[in-house]
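The next block holds one structure in the form of structure tokens; read it before the comments.
Where a number appears in this text, it was derived from the coordinates with a stated rule and is not lab data. Note that the coordinates shown come from a computational prediction; the quantities given were computed from them, not determined experimentally. Cβ atoms come from the backbone with ideal geometry, glycine included; neighbour counts cover every protein chain shown.
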């Protein structure tokens, strides 16, 4: 039911939007079938694994980041962190990684897939 309601709420903001769920403290957790990553100052950041599905593609991002020499950390993230990120992407098995160019109708970074997202996609 959570995921269905999240989809409905996201569609109210943007008919093509995908929801990102929050925990009880207002921290970002995950989407309805995907994990979220932001990039700030050259560091890939994602919510910690205590309140989300530890997806296979999520794990692959950590492996790829290590191979590419890109720092990747798990930490508590607020919606503000997403709004002010340089870039963002989501992951799941069918689509691997998908750039996020806006959040709540606000552009993420310059509104285009960023260089680190593109590196992850290419890898």
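Nearest 10 degrees, 0 to 90: what angle lies between the long axis of helix 56-68 and the longest principal axis of the chain (Cα atoms)?
Once rounded, the angle reads 30 degrees.
If you take the beta carbon distance between residue 9 and residue 122 as r and set R0 to 35 Å, what does 1/(1 + (r/R0)^6) give as a FRET efficiency, to the nearest 0.05?
On the way: r = 33 Å, r/R0 = 0.96.
Once rounded, the FRET efficiency stands at 0.55.
Rounding to the nearest 10 and keeping the result within 0 to 90°, find how far the Cα-based axis of helix 2-13 lies from the longest principal axis of the chain.
90
Between [x] 101; [y] 238; [z] 109, which entry matches volume of the Cα convex hull per residue in Å³ as derived from the coordinates of this structure?
This structure yields the entry labelled [x].
Report the Cα-based extents of the stretch 69-121 along its three principal axes, largest first, to the nearest Å.
So the three principal-axis extents are 24, 23, 20 Å.
Say we join alpha carbon atoms closer than 10 Å with springs in a Gaussian network model of the chain; which of 31, 48, 69 then has the biggest fluctuation?
69
Give me the percent relative contact order of the stretch 54-123, please, defined on Cα pairs under 8 angstrom at least 6 residues apart. Present the calculation step by step, with values, prior to reporting the outcome.
On the way: 79 pairs, mean separation 21.3, N = 70.
Relative contact order, the stretch 54-123: 30 percent.
How large is the helix-only mean residue ellipticity at 222 nm for the chain, computed as the sum of -39500 (n - 2.57) over DSSP H runs with n ≥ 4, divided by its residue count, in deg cm²/dmol to the nearest 500?
Numbers: 4 runs with 38 residues, N = 123.
Rounded to the nearest 500, it is -9000 deg cm²/dmol.
Between residue 41 and residue 54, how many nm apart are label points set 7 Å from Cα along the C-beta direction?
Each label point is offset 7 Å from its Cα along the Cβ direction, giving 2.8 nm.
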